[in-house]
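The values are calculated or read from the model by the stated rules, or taken from the named source; none is laboratory data. Source: prediction; values computed, not measured. Here the Cβ positions follow ideal geometry from the backbone for every residue, glycine too, while neighbour counts run over all protein chains shown. Accessible surface areas use protein heavy atoms only, side chains included; no ligands, DNA or RNA. Shrake-Rupley method; radii C 1.70, N 1.55, O 1.52, S 1.80 Å.
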Amino acid sequence: AKAKGKSCYEVFDKEMYAQALAQLQLENDMRQALERNEFQVYYQPIVSTQMGKIAGFEALIRWQHPTRGFVSPAEFIPLAEETGAIVPIGEWILGSVCQQIKRWQEQFSFTFPLKVSVNLSAKQFRDTDFLRKIDKILMQTGLEGGNLQLELTESMLMDDVENLIGILSQLRVRGIQLSIDDFGTGYSSLSYLHRFPVNYLKIDRSFVKGLGDNTESLKITESIVALAHNLKLAAIAEGVETKEQLMQLRQLGCEYVQGYLFSPPVPAKAATKWLAKLFD
Ligand code: C2E
Ligand code: CA
Ligand code: CA
Ligand code: CA
């Protein structure tokens, strides 16, 4: 029994070693990915429920690894957060998105502000230089803050509340709109929610998924929409895949929807083609 235990231990050890090695390799690759231009921003349309019109996009990062192929952000973003690599990567995303919005504005001479929403990670947000970096990017691209939306998660709202309200207010002064992503899945500080100058609650896909055949999901979704409206915020539902889900969300008064029913995230080129159809 003892020998068996030992060999089990050894196998486990080897696996852990291989895993640690793979992790380390990915970390290294990630560090070089920026310089090698392996990241790309994809855009998923956000649609107004009442008008059925496109209101903006959510920007989602994609990594085309030279040998491993496509690596999901669900895999490398947590790693980037752990190692701090998310700070330069996040800056690159913001710059890239602002440049793209500017290009769209020039191409279509928008008379209304089309908004693009960018996911922020906690590390980026805690960076004391964050506001300065935002200002630099806006200045360099000549973009108004009004075209930019930032997505925060509930866990980011757990920190030093006073300090946080200060930063959020500074973003709002620049016209930047704010949403709370994956709402309902984290430990939200409901008692503070009304003090945060945010504009949208994004209903997590896990709740939207159950709409149609699960009364629990319907009740939760209904409550989040009601909470949003009571706080004078608008609601955005993510992961909408079926017409039934869309119909229920419309009935609940959810203002915006996004999901595969309309479009998956697509490269800027494809999003541009879409805009061309809308505006030309
Ligand atoms: P998230 O912010 O909650 O993004 C929504 C995710 O749902 C995206 O996955 C999107 O492609 C996917 N999605 C959209 N519509 C549907 C649908 O109808 N059905 C299903 N099943 N999925 C849908 P993605 O792009 O793989 O991103 C995963 C997560 O990685 C994001 O979750 C976000 O937390 C993180 N992430 C992605 N891009 C960035 C980024 O640029 N910066 C940061 N900090 N995090 C990012
Ligand atoms: Ca998001
Ligand atoms: Ca989300
Ligand atoms: Ca999510």
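Filtering region 155-173 for residues that are more than 29 Å from S96 (Cα to Cα), surrounded by fewer than 19 Cβ atoms within 10 Å (Cβ to Cβ), within 16 Å of ligand 3 (Cβ to nearest atom) and modelled with pLDDT under 90 leaves an empty set. Residues in region 128-144 that are outside any helix (DSSP H, G or I) and open to solvent by 40 Å² or more (accessible area, probe 1.4 Å) were compared, and the one that is modelled with the lowest pLDDT is T128.
For region 55-91, the set of residues classified as within 22 Å of G146 (Cα to Cα), open to solvent by less than 30 Å² (accessible area, probe 1.4 Å) and either in contact with a helix residue (DSSP H, G or I) (Cβ under 7 Å, 6 or more places away or on another chain) or of a type in the set (S, T, Y) (or both) consists of F57, A59, I61, G90, listed by residue number. For region 97-121, the set of residues classified as at pLDDT 90 or above and either within 16 Å of ligand 2 (Cβ to nearest atom) or open to solvent by less than 10 Å² (accessible area, probe 1.4 Å) (or both) consists of V97, C98, I101, W104, K115, V116, S117, V118, N119, L120, S121, listed by residue number. Residues that are surrounded by fewer than 17 Cβ atoms within 10 Å (Cβ to Cβ) and under 30 Å from L131 (Cβ atoms) do not occur anywhere in region 202-211. Looking at E106, E151, E75, just one residue is of a type in the set (D, E, K, R) and assigned to a strand (DSSP E or B), and that residue is E151. Scanning region 248-269 for residues that are over 15 Å from V116 (Cα atoms), away from ligand 1 (no atom under 13 Å from the Cβ) and of a type in the set (G, A, S) yields a total of 1. Residues that are touching a residue at least 40 places away in the same chain (Cβ under 8 Å), within 16 Å of ligand 1 (Cβ to nearest atom) and more than 25 Å from V257 (Cα to Cα) within region 128-180 comprise K133, I134, I137, listed in sequence order.
Scanning region 33-45 for residues being open to solvent by 80 Å² or more (accessible area, probe 1.4 Å) and among the polar types (S, T, N, Q) gives a total of 2.
Quick one: in region 222-247, which of the residues that are among the polar types (S, T, N, Q) and within 15 Å of ligand 1 (Cβ to nearest atom) is surrounded by the most Cβ atoms within 10 Å (Cβ to Cβ)? Write out each step before concluding.
Taking region 222-247 and keeping what is among the polar types (S, T, N, Q), we get 223, 230, 242, 245.
Next, only the ones that are within 15 Å of ligand 1 (Cβ to nearest atom) stay: 242, 245.
Numbers: T242: 15, Q245: 22.
My answer is Q245.
Among the numbered conditions (1) touching a residue at least 60 places away in the same chain (Cβ under 8 Å); (2) surrounded by fewer than 20 Cβ atoms within 10 Å (Cβ to Cβ), the only one that P197 does not meet is (1).
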